[in-house]
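Participant: Before I ask anything, let me first share the structure, which is written out below as structure tokens.
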Amino acid sequence: MASLFASGLLAAPLVTAGSASAAPPETDLVLAVYQQESGVQSTRLTCDPAAGDHARAQAACGELEAAGGDFTRLGTGEPGICTFEYDPVTVVALGSYRGEQVRYTEEFPNRCVMENETGTVFSF
């Protein structure tokens with residue numbers, strides 16, 4: 001199911017609002033989280049300035065900046081305390097970071113591990 005979720009998002013076109021003459025933001029991402037119980041949750045995050053539908057856009061943009069846009073370098077770097085419960089969560093980021101194309105997909109064993117390793121970016 002998670003692979004269908006990811007492939008469906010990869011095939012979906014990104015829709016941007018605004019006029020054709022307006023310059024697109026440097027960072028424009030569609031972020032999605034899939035967990036079997038809750039289904040798909042998604043949001044849009046733009047940075048420079050922080051905006052979009054993301055509830056914590058300012059923090060998420062700051063964390064992306066600190067990681068240099070590398071989603072594998074998100075999070076605090078310090079291990080958090082999580083249970084060993086296996087309830088997989090798949091995250092997807094599509095769009096652009098500072099003009100560079102982004103296609104990131106990762107599966108985590110549970111939501112706690114996801115939040116520890118991705119900070120606020122996928123916590124919306």
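The values are calculated or read from the model by the stated rules, or taken from the named source; none is laboratory data. Keep in mind the model is a prediction, meaning the values are calculated, not measured. So basically every Cβ, Gly included, is an ideal-geometry build from the backbone, and we count neighbours across all protein chains shown. When the accessible area is computed, the model is the full protein with side chains, heavy atoms only, and any ligands, DNA or RNA have been set aside. Shrake-Rupley method; radii C 1.70, N 1.55, O 1.52, S 1.80 Å.
Participant: Of everything in the stretch 100-124, what is in a loop (DSSP other than H, G, I, E, B) and open to solvent by 60 Å² or more (accessible area, probe 1.4 Å)? Give them in sequence order.
Facilitator: Residue satisfying the conditions is Phe124 alone.
Participant: Given the conditions (1) in contact with a Pro (Cβ under 9 Å, 6 or more places away or on another chain); (2) at pLDDT below 95, report the number of the one that Pro79 does not fulfil.
Facilitator: If we test Pro79 against (1) in contact with a Pro (Cβ under 9 Å, 6 or more places away or on another chain); (2) at pLDDT below 95, just (1) comes out false.
Participant: Looking only at the stretch 90-110, count every residue that is over 17 Å from Ala67 (Cβ atoms) and touching a Cys at 6+ places or on another chain (Cβ under 9 Å) and tell me the total.
Facilitator: Count: 2.
Participant: Give me the residue from the stretch 28-56 that is polar (S, T, N, Q) and modelled with pLDDT of 95 or more and, out of that set, nearest to Pro109 (Cα to Cα).
Facilitator: Taking the candidates together, the pick is Gln35.
Participant: Might you let me know whether the stretch 70-77 holds any residue that is assigned to a helix (DSSP H, G or I) and exposed (fewer than 11 other Cβ atoms within 10 Å of the Cβ)?
Facilitator: Yes; the residues of the stretch 70-77 include at least one that is assigned to a helix (DSSP H, G or I) and exposed (fewer than 11 other Cβ atoms within 10 Å of the Cβ).
Participant: Based on what the data block shows, is Ala59 crowded, with 19+ Cβ neighbours inside 10 Å and either small (Gly, Ala, Ser) or modelled with pLDDT of 95 or more (or both)?
Facilitator: Against the criterion (crowded, with 19+ Cβ neighbours inside 10 Å and either small (Gly, Ala, Ser) or modelled with pLDDT of 95 or more (or both)), Ala59 does not qualify.
Participant: Can you tell me which residue in the stretch 23-45 is most open to solvent (accessible area, probe 1.4 Å), limited to those that are free of Cβ contacts under 8 Å to residues at least 60 places away in the same chain, farther than 13 Å from Ala93 by Cβ and not in a loop (DSSP other than H, G, I, E, B)?
Facilitator: By that ranking, first place goes to Val40.
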